[in-house]
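Presented below is the structure to which this report refers.
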Ligand code: UDP
């Protein structure tokens, strides 16, 4: 999982989502907020790893090892364009397949079969949270892949449709502000950020029982 601040807040009220996070084989800090909170709790973490950064590194490794990757999510053509860009950057990368992320729940099994038939061993799932985590929890086994990662809107960035904040903003931990300015419709979701700080503070003061 690439764990974002809003996801941690959401997990407080969704027991199923929480269970999925806790069962994940590897959870990375996708945002400065989660990294800060993890460090508050004594975790020795060097840096945050965003979905985009993780995909680049996984694709470099997959190209080296000959592991097929399936790109699943985003609007029509986005996953395909992201796959093309990655194959160009990582010669030898096997893009086993790509498809958009708009589908009815009843199509999930057919999609899982399609991924299995592609021979992919890694599926990158960019449906936005929590749908991508639910989908992987329920269908990863059927896809035949050894691993699946929820990557949010990373394909939008890799395909060039959405621009990431300039590096200077990222260094100042202001990526959230950049997204708020460029995608104002996200403001409601970003209400989770002050809530998150409150939760961490209550936790530090021992005033909150951790959700189980
Ligand atoms: N998306 C999708 N299917 C859906 C809803 C969303 O494939 O039913 C895609 C959407 O096109 C976008 C990504 O999921 O590429 C969500 O991006 P966002 O940055 O909002 O990710 P989050 O922060 O929710 O993980």
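Quick note: the coordinates plus some simple rules give every number you see, no bench work behind them. Fair warning: this is a prediction, and the values are worked out from it, not measured in the lab. Every residue, glycine among them, receives a Cβ derived from its backbone with ideal geometry; neighbour counts consider all protein chains shown.
Worth pointing out:
- Against the chain, whose longest principal axis is taken from its Cα atoms, helix 192-204 shows a tilt of about 60°.
- Förster radius 41 Å - calculated FRET efficiency between residue 26 and residue 104 (Cβ-Cβ, nearest 0.05): 0.85
- Taken over the chain, the alpha-carbon convex hull comes to 129 cubic angstrom per residue.
- To the nearest ten degrees, helix 108-118 and the longest principal axis of the Cα atoms of the chain are 60 degrees apart.
- Ranking of 187, 176 by count of other Cβ atoms within 10 Å, fewest first: 187, 176
- Taking one quarter of the surface of the C-alpha convex hull of segment 1-69 gives a mean projected area of 5.5 nm².
- Counted over segment 169-212 with a bin width of 10 Å, the fraction of Cα pairs per bin, in whole percents, is 25, 37, 27, 11.
- The spacing between segment 54-104 and segment 119-165, judged by their C-alpha centroids, is 10 Å.
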